[in-house]
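Computed from the coordinates by the stated procedures, all read-outs in this text should not be read as laboratory data. What you are looking at is a predicted structure, and each value in this text was computed from that prediction instead of being measured.
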Amino acid sequence: MADTKENIPTPEQIRLIFKYTYMIYDKYKNAKSDQDFQSLVKACHDLLRRLPFKLCEKILLEICNVIEKEYKNRCGLKTQMD
């Protein structure tokens, strides 16, 4: 079987990619600890095993970048207020 990352997902798979990537974002958007970030990485790997498409990989990468930036902004704001 060919590498599915190069295959085009079906409309149902695309729906699931958006659904589950948003669920991951919603669950980890307020990550505060190393454990939260480890769980985020595990959730991303689990979803990529379930839906191994380039679209899913790209969305998850961007979601992780957004969560990281939000975390750094929260930490920066707390440091400035202290």
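Observations on the structure shown:
- Backbone HN-Hα couplings from phi across segment 61-69 [Karplus 6.51/-1.76/1.60, Hz, Gly and Pro as x]: 4, 5, 4, 4, 4, 5, 4, 5, 5
- Checking the cross-link pairs 19/42; 29/69; 32/69; 29/54; 32/72 against a 20 Å limit on the alpha carbon distance flags 29/54 as lying beyond it.
- Near the amide H of residue 7, within less than 5 Å, lie no amide hydrogens of residues on another chain or at least 5 residues away, with H placed in the peptide plane.
- Mean separation of Cα contacts under 8 Å (6+ apart) over length of segment 11-81, as relative contact order %: 42 percent
- With helices as the sole contributors, the chain gives -26500 deg cm²/dmol at 222 nm; each DSSP H run of n ≥ 4 counts as -39500 (n - 2.57), and the sum is divided by every residue.
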